[in-house]
Amino acid sequence: MTAPKGKNYRWLIVTLLFIGTVINYLDRQIIGLLKPTLELEFQWTESDFGKIMSAFSFAYAIGLLLSGRFIDKVGTKVGYSVAVVFWSLAGMGHALAKSVTGFSIARLSLGIGEAGNFPAAMKAVSEWFPKKERALATGIFNSGTAIGVVVALIVVPIIMQNYGWQEVFWITGAMGFVWLLFWLWLYEIPSKQKRLSPEELNYIESDKDDIQDQVQSSIKISWAKLFTFPQTWAFVTGKFFIDPIFWFFLFWLPSYFSSTFNLDLKVISLELMIIYGATTIGSIAGGYFSSQLINRGWAILKARKAVLLLFASFELVIMIAIAQFVTDKWTAVILISLAVAIHQAWATNIFTMASDMFPKEVVSSVVGIGGMMGAIGGILFPILVGYLLDLYKSANNLTGGYNLIFTICGLTYLFAWLIIHLLTRKSKRVELVNT
């Protein structure tokens, strides 16, 4: 069935999800940009910063597990609203912190709230899009992760130059409440959305799997049952091993450029804007690529795994090149831009696999489980990063520490792909039964 011309309310929904994700990543990225300032004011070590990041990851893990199930129970509209209120208040709370402990508590609160973003967004995509458009829709809203960072690179220096670091948290934290007004006004599930045309509703519900989902909509499945499916563990693998790498890009890249290339983070950084802006291209292109393979007749899971393997191979080559050959700032910008773009292309397809393999009634729960495991990886990885950087810093070779970390990251994508492939060789779409 072809898309109805001029009937595009579903893309307005994606726009809302995109802006929500922009605000989500704006709020979480701020501390990375303020790291040099806060290190001077509070005398933090790299390990102190790693512990603060791990506090966020710990809370994010718990929040994802709880929010996924919560959103499946109360619905996308209410669940997303609760998450935005929680994380916006937590973002403002950073302004009150005075120590490592204080910032850790603020990051814990932020992690719990921000965990609701992706389970809610993926559930909305599964509700509003037929399968052939889901990867593109996911790529569009997921590109908000990059735009949020770019916005932070612009907004944070401006506020810092005119006010102070506390005001950065107050002002950016308030943005979530503005977005919430539009969300409450514009969002409903398709069957209840009065602004939606009958033609577009029929198109949204045209997928065979969407019809199967409707048949299964009355089926109740226990949360624990989801852990028995190999499809769940395939999604978990993609999140556990790869999510921490993107958080490394988010939280340590500013410091990497500051220490390695003497980049001044108190002014707007063109270098970092280029890098994080590149993730937008990767996110959308990654979704578009696998969607095109499906449109050409590829089996859905085969298409997703093929592009994952391609991206993993490219990522290994690029990461090793960064570690072994980069001594020039702009060479680093180019290679790291490619690396983060490919990462987002990978992430988009992993997210979409959740809605490919599971009915929409449990998508948020599955995304929450996978996100929780990604956050657990995020708890462990910053501790390792902080330890390695402190170790190399003591030897006056901080750049060597970063190069080792880049190499580890590059190898991880292929390792994760291999596990995903083995878990999904004989898998098909999950069909629910009452438990």
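Can you spot a residue in region 221-239 that is aromatic (F, W, Y), modelled with pLDDT of 85 or more and touching a helix residue (DSSP H, G or I) at 6+ places or on another chain (Cβ under 6 Å)? The answer is yes, given that some residue of region 221-239 is aromatic (F, W, Y), modelled with pLDDT of 85 or more and touching a helix residue (DSSP H, G or I) at 6+ places or on another chain (Cβ under 6 Å). Only one entry in W128, W179, W183, W165 is more than 22 Å from the chain's Cα centre (by Cα) and aromatic (F, W, Y), namely W165.
Condition test on E127, is it open to solvent by 10 Å² or more (accessible area, probe 1.4 Å), assigned to a helix (DSSP H, G or I) and farther than 29 Å from I274 by Cβ? So E127 fits the description; yes.
A search for C-beta distances below 6 Å between a residue of region 17-45 that is over 30 Å from W183 (Cα atoms) and any residue that is at pLDDT below 80 and part of a helix (DSSP H, G or I), counting only pairs 6+ apart in sequence or on different chains, returns K35/S255. The sole residue among L309, L338, L380 that is open to solvent by 40 Å² or more (accessible area, probe 1.4 Å) and touching a Pro at 6+ places or on another chain (Cβ under 9 Å) is L380. Of the residues making up region 366-377, just one is under 15 Å from F249 (Cα atoms) and surrounded by fewer than 24 Cβ atoms within 10 Å (Cβ to Cβ), namely G377.
Let's see how each residue does on (1) within 17 Å of I275 (Cβ to Cβ); (2) assigned to a helix (DSSP H, G or I):
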| residue | (1), (2) |
| --- | --- |
| G297 | no, no |
| A306 | no, yes |
| S313 | no, yes |
| L316 | no, yes |
| I320 | no, yes |
| A339 | yes, yes |
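Just wondering, is there one or more residues in region 48-62 that are of a type in the set (G, A, S), at pLDDT 85 or above and in contact with a helix residue (DSSP H, G or I) (Cβ under 6 Å, 6 or more places away or on another chain)? Yes, region 48-62 contains at least one residue that is of a type in the set (G, A, S), at pLDDT 85 or above and in contact with a helix residue (DSSP H, G or I) (Cβ under 6 Å, 6 or more places away or on another chain). Of the residues in region 100-112, none is open to solvent by less than 40 Å² (accessible area, probe 1.4 Å), closer than 28 Å to S191 by Cβ and part of a helix (DSSP H, G or I). Residues satisfying the criterion are absent from region 347-365 (criterion: under 12 Å from F248 (Cβ atoms), in contact with a Pro (Cβ under 6 Å, 6 or more places away or on another chain), in contact (Cβ under 8 Å) with a residue 60 or more places away in the chain and open to solvent by less than 10 Å² (accessible area, probe 1.4 Å)).
For region 71-86, the set of residues classified as open to solvent by 10 Å² or more (accessible area, probe 1.4 Å) and touching a residue at least 60 places away in the same chain (Cβ under 8 Å) consists of D72, G75, K77, S81, V85, listed by residue number.
If the condition is being in a helix (DSSP H, G or I) and open to solvent by 20 Å² or more (accessible area, probe 1.4 Å), then region 23-63 contributes P36, T37, E39, L40, E41, F42, S47, D48, K51, F58, I62.
Just to be sure, is G410 open to solvent by less than 60 Å² (accessible area, probe 1.4 Å) and closer than 23 Å to I320 by Cβ? Against the criterion (open to solvent by less than 60 Å² (accessible area, probe 1.4 Å) and closer than 23 Å to I320 by Cβ), G410 qualifies.
A single member of A115, A83, A95 is closer than 18 Å to L64 by Cβ, at pLDDT below 90 and of a type outside the set (D, E, K, R), and it is A115. Of the residues in region 260-280, at least one is open to solvent by 60 Å² or more (accessible area, probe 1.4 Å) and closer than 19 Å to S143 by Cα.
The values are calculated or read from the model by the stated rules, or taken from the named source; none is laboratory data. The structure displayed is predicted, hence computed values, not measured ones. Every residue, glycine as well, gets a Cβ built from its backbone with ideal geometry; the counts of neighbours run over all protein chains shown. Heads up: the accessible areas ignore ligands, DNA and RNA and are worked out on the full protein's heavy atoms, side chains in. Shrake-Rupley method; radii C 1.70, N 1.55, O 1.52, S 1.80 Å.
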